[in-house]
Amino acid sequence: MKLHEYQSKLLFAEHGIPIPEGKVATTPKEAKEISKALGGRVVVKSQVLVGGRGKAGGIKLANSPKEAETIASKILSLKIKGLPVRKVLIDKAADITSEIYLGITNDRAARKPVFIASAAGGIDIEKVAAKTPEKIIKIHIDPILGLQNYQILNLAIGIELTRELWIEFNKISHGLWQAFKNNDATLAEINPLVITADNHLLAVDGKMVIDDNALFRHQDIEEGRDLDVEVEAEIKAKEYGLTYIKLDGEIGCMVNGAGLAMATMDIIKHFGGAPANFLDIGGGADEEKVAAALKIILKDTNVKAVLINIFGGITRCDLVAKGILEALNEIEPDIPIIVRLVGTNEKEGRALLNDSDMETAKSLAEAAQKSVLAAKEEH
Ligand code: GDP
Ligand code: MN
């Protein structure tokens with residue numbers, strides 16, 4: 001579960017990390033009032049669960065309450081990467097002299113949390129990581145021993161932090177580790193942690209992701225879940241017991257079984273395409289589930305072709321075929337659909353699909369190639 005910036009920063013503050021004074025507003029008028037209370041100069045920050053808000057126009061400085069109101073009204077009508085902005089955080093503006101990146105996540109290969117820091121923080125951290133990886137310092141944390149002072153010192157030296165800030169940096173690092181550990185997070189990130197004009201450290205942006213499997217231990221956090229701004233399709237999928245994750249490609253995938261879904265995505269990539277989603281309809285899926293899945297896939301406007309890859313075991317191919325036909329009846333999509341059905345009742349399933357416009361394939365490789373080609377032609 002992803003937390004909003006304001007939620008993440010509140011958890012940071014509970015662990016002794018300094019954050020700007022601020023409050024959430026849902027209307028321009030509220031934004032104006034908050035800005036007044038904060039002394040005028042504020043940053044208006046869209047609260048949406050995606051990165052790169054700054055570049056999308058979702059973060060703006062305002063010099064007066066009036067200006068905060070105007071900007072808030074603009075930002076509250078934005079959609080950022082498809083997500084509507086329903087809340088803005090109004091933070092007292094900071095005078096920034098430099099921006100540091102600080103984050104903790106799990107390094108699965110090392111089987112340990114990894115603490116990452118860079119002096120080149122801010123909105124272009126991904127570029128820094130890709131082009132000048134030597135500017136990014138990583139230190140693994142032993143989960144039993146926890147983060148050690150000498151490790152924090154090594155990080156501070158690694159990012160060439162001036163000595164006067166070492167004590168603050170130490171406190172913030174411990175705070176971030178505690179916030180990560182105590183909340184069962186898979187990510188706790190401050191980007192940027194800024195050095196202010198009066199030479200202090202301040203966490204201007206915050207991001208946390210909590211492990212869904214540990215949410216039962218954090219009911220207070222789960223109550224803050226913002227269904228409103230989670231990807232709508234993912235919520236719909238949950239309702240039908242489908243596992244759906246939206247991705248950036250253009251080939252919609254409907255597959256039964258997580259392993260087969262992964263293999264399908266890999267083979268699409270192998271043939272030069274990109275999957276638009278991960279979707280596992282699960283074992284024993286019936287018509288209703290299949291129809292729901294197809295509808296969710298077709299709602300994504302990036303999708304230029306659909307690949308349905310079903311291996312019938314418990315799942316019956318004829319029921320899947322019926323589900324597909326039912327969904328097609330309702331939606332009448334104008335993009336190509338390629339189907340590969342094998343296993344239990346495959347003959348019956350294929351017979352049902354024979355009269356439709358769908359293309360069938362005998363092997364997964366053939367189906368993947370056909371869908372990559374079809375998606376390219378649709379462009
Ligand atoms: P993101 O784009 O979603 O990562 O949003 P951030 O909260 O990190 O803001 C993006 C950028 O806006 C930061 O890297 C800063 O350069 C700038 N910014 C954010 N808050 C302030 C502030 O209080 N004062 C100033 N001057 N700039 C800010
Ligand atoms: Mn940021």
Check: Could you give the distance between the Cα centres of region 101-122 and region 219-284, to the whole Å?
Finding: 26 Å
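Sort region 85-182 into rounded, prolate or oblate with this rule: let a ≥ b ≥ c be the square roots of the eigenvalues of the Cα gyration tensor; rounded if a/c is under 1.5, and if a/c is not under 1.5, prolate when a/b is larger than b/c, oblate otherwise. Walk me through the numbers on the way to the answer.
Working: a/c = 1.33, a/b = 1.29, b/c = 1.03.
Note, shape of region 85-182 comes out rounded.
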Checklist line | Apportionment of accessible area to carbon and sulfur, the chain, percent (1.4 Å) | finding: 52 percent
Next item on the list: Among the aspartates and glutamates, select those whose C-alpha is under 19 Å from the C-alpha of residue 60, and discard any that sit fewer than 8 residues away in the same chain.
Entry: 5, 21, 30, 33, 69, 91, 95, 99, 124, 205
Check: Can you list the lysines whose alpha carbon is less than 20 Å from that of residue 295, not counting same-chain residues fewer than 8 positions off?
Finding: 236, 238, 246, 304, 322
Item checked: Computed over the chain, the ratio Rg/Rh where both radii use C-alpha atoms and Rh is Kirkwood -> 1.05
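A 28 angstrom limit on the alpha carbon distance is what I want to check against. Which of 23/55; 87/131; 9/66; 131/376; 23/79; 79/299 exceed it? Can you show the working numbers first?
On the way: 23/55 22 Å; 87/131 34 Å; 9/66 26 Å; 131/376 30 Å; 23/79 21 Å; 79/299 17 Å.
Among 23/55; 87/131; 9/66; 131/376; 23/79; 79/299, the Cα-Cα distance tops 28 Å for 87/131; 131/376.
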Check: In the chain, what percentage of the DSSP-assigned beta bridges are antiparallel, given to the nearest 5?
Finding: 75 percent
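Among 199-206, 56-63, 250-257, 183-190, what's the highest-first ranking by average C-beta atoms within 10 angstrom per residue?
Numbers: 199-206: 21.1, 56-63: 17.5, 250-257: 25.6, 183-190: 23.1.
Ranked from most to least packed, the peptides come out as 250-257, 183-190, 199-206, 56-63.
Over the chain, give the accessible area per residue in Å² for a 1.4 Å probe, as an integer.
Working: 18720 Å² over 379 residues.
Using a 1.4 Å probe on heavy atoms only, each residue of the chain averages 49 Å².
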Check: Over the alpha carbons of region 230-379, what is the largest minus smallest coordinate on each principal axis, giving the biggest first in Å?
Finding: 33, 33, 30
Check: Using the membrane-span-like helix rule (whole DSSP H runs, Cα extent along the own axis of at least 24 Å, mean Kyte-Doolittle hydropathy at least 1.6), which helices of the chain qualify?
Finding: none
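The values are calculated or read from the model by the stated rules, or taken from the named source; none is laboratory data. Since the model is a prediction, treat every value here as computed from it, not as a measurement. Here Cβ is always computed from backbone atoms with ideal geometry, including for glycine, and neighbour counts include all displayed protein chains. Side chains included, ligands, DNA and RNA excluded: accessible areas come from the protein's heavy atoms. Shrake-Rupley method; radii C 1.70, N 1.55, O 1.52, S 1.80 Å.
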